[in-house]
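To keep things clear, I will list the structure first and then write my remarks on it.
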């Protein structure tokens, strides 16, 4: 019996079980780990800067004040940490962009509301401390992958007055393989850890809160994603465009859910060029 669109429980779970779909996923994680350790060992960085109840790592550009790319990691809000994604920094650092990789408390320890709040607090902290950190406060961009793509979209839909800011500190965003409607997540196997209720899922679904005004947004995924990930992006893109908001699609045609992150960190890729173009516009 269908529980969401035309999917029964097993079919819906399969749409979001990406490790089962990409059988060599562990090889990606191990390579990212090696590259991240190398980045921290060889690159200029300031580790474990406390912004709230959590911390972030900053990879400053050589020339400051520099634009800052804030990266929010994925892991279905329940796995990984900032140290697993230091490897995204070198390509942007070389281009003259500071990179802040954010940690947030994972589920089930933190609720979805709290995870969203923490990431907003991180961006507000970077903006307020921009001078000391060598960041251009007017050129903060946000990017995130998977759950981080969801959180990136939520950052663009924030009322920053709740964080003591008169206007948005975010100049642009890049959501990669993101999740914009949490209802299928609530109905899937993932909710055993996340514990989403219907109202929590609605409140934290970016597609249900598209603003009247927002910074430019890049949406990207690998065309090897599941039909549900393709639908999620297509539906959100349509909603963003319907609101008259600036949008660029920067899909990587030969990538899947994990290899698209390699493209994000690869100088000259479709996605990398789009992100840098947005930052330097």
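The values are calculated or read from the model by the stated rules, or taken from the named source; none is laboratory data. All values derive from a computational prediction rather than experimental measurement. Positions of Cβ are generated from backbone atoms using ideal geometry, with glycine treated the same way; all protein chains shown enter the neighbour counts.
Quick notes on this structure:
- Note on segment 123-177: residues that are under 16 Å from the mean Cα position of the chain (by Cα), part of a loop (DSSP other than H, G, I, E, B) and in contact (Cβ under 8 Å) with a residue 60 or more places away in the chain total 2.
- For segment 180-208, the set of residues classified as surrounded by fewer than 16 Cβ atoms within 10 Å (Cβ to Cβ), part of a loop (DSSP other than H, G, I, E, B) and touching a residue at least 12 places away in the same chain (Cβ under 8 Å) consists of 189, 195, listed by residue number.
- Scanning segment 64-83 for residues that are buried (at least 20 other Cβ atoms within 10 Å of the Cβ) and not in a loop (DSSP other than H, G, I, E, B) turns up 66, 67, 68, 69, 70, 71, 72, 82.
- Unmet requirement for residue 255, which otherwise passes all of (1) in a loop (DSSP other than H, G, I, E, B); (2) without any contact (Cβ under 8 Å) to a residue 40 or more places away in the chain; (3) over 18 Å from the mean Cα position of the chain (by Cα): (3)
- Against the list (1) out of contact with any helix residue (DSSP H, G or I) (no Cβ under 6 Å at 6 or more places or on another chain); (2) crowded, with 22+ Cβ neighbours inside 10 Å; (3) more than 16 Å from residue 18 (Cβ to Cβ), the condition residue 245 fails is (2).
- Residue 27 vs. criteria out of contact with any strand residue (DSSP E or B) (no Cβ under 7 Å at 6 or more places or on another chain) and surrounded by fewer than 16 Cβ atoms within 10 Å (Cβ to Cβ): yes
- Taken over segment 84-102, the criterion of being in contact with a helix residue (DSSP H, G or I) (Cβ under 8 Å, 6 or more places away or on another chain), free of Cβ contacts under 8 Å to residues at least 60 places away in the same chain, surrounded by fewer than 24 Cβ atoms within 10 Å (Cβ to Cβ) and not in a helix (DSSP H, G or I) is satisfied by no residue.
- Residue that is surrounded by the most Cβ atoms within 10 Å (Cβ to Cβ), among those in segment 209-234 that are under 17 Å from residue 157 (Cα atoms) and touching a strand residue (DSSP E or B) at 6+ places or on another chain (Cβ under 6 Å): 219
- Selection of segment 111-122 for residues being assigned to a helix (DSSP H, G or I), surrounded by fewer than 22 Cβ atoms within 10 Å (Cβ to Cβ) and touching a residue at least 60 places away in the same chain (Cβ under 8 Å) yields 113, 116, 118, 121.
- Residue match in segment 135-151 (condition: buried (at least 24 other Cβ atoms within 10 Å of the Cβ) and over 16 Å from residue 72 (Cα atoms)): yes
- Residue check, residue 270 under 14 Å from the mean Cα position of the chain (by Cα) and either closer than 23 Å to residue 67 by Cα or at pLDDT below 95 (or both): no
- Answer residue from segment 263-275, given it is in a helix (DSSP H, G or I) and either touching a helix residue (DSSP H, G or I) at 6+ places or on another chain (Cβ under 7 Å) or without any contact (Cβ under 8 Å) to a residue 60 or more places away in the chain (or both) and is surrounded by the most Cβ atoms within 10 Å (Cβ to Cβ) among those: 264
- Checked against (1) in a helix (DSSP H, G or I); (2) touching a residue at least 12 places away in the same chain (Cβ under 8 Å); (3) more than 19 Å from the chain's Cα centre (by Cα); (4) surrounded by fewer than 16 Cβ atoms within 10 Å (Cβ to Cβ), residue 15 passes all but condition (4).
- Selection count where residues are more than 21 Å from residue 115 (Cα to Cα) and exposed (fewer than 15 other Cβ atoms within 10 Å of the Cβ), scope segment 30-63: 11
- Lone unmet requirement of (1) more than 17 Å from residue 175 (Cβ to Cβ); (2) part of a helix (DSSP H, G or I) for residue 232: (1)
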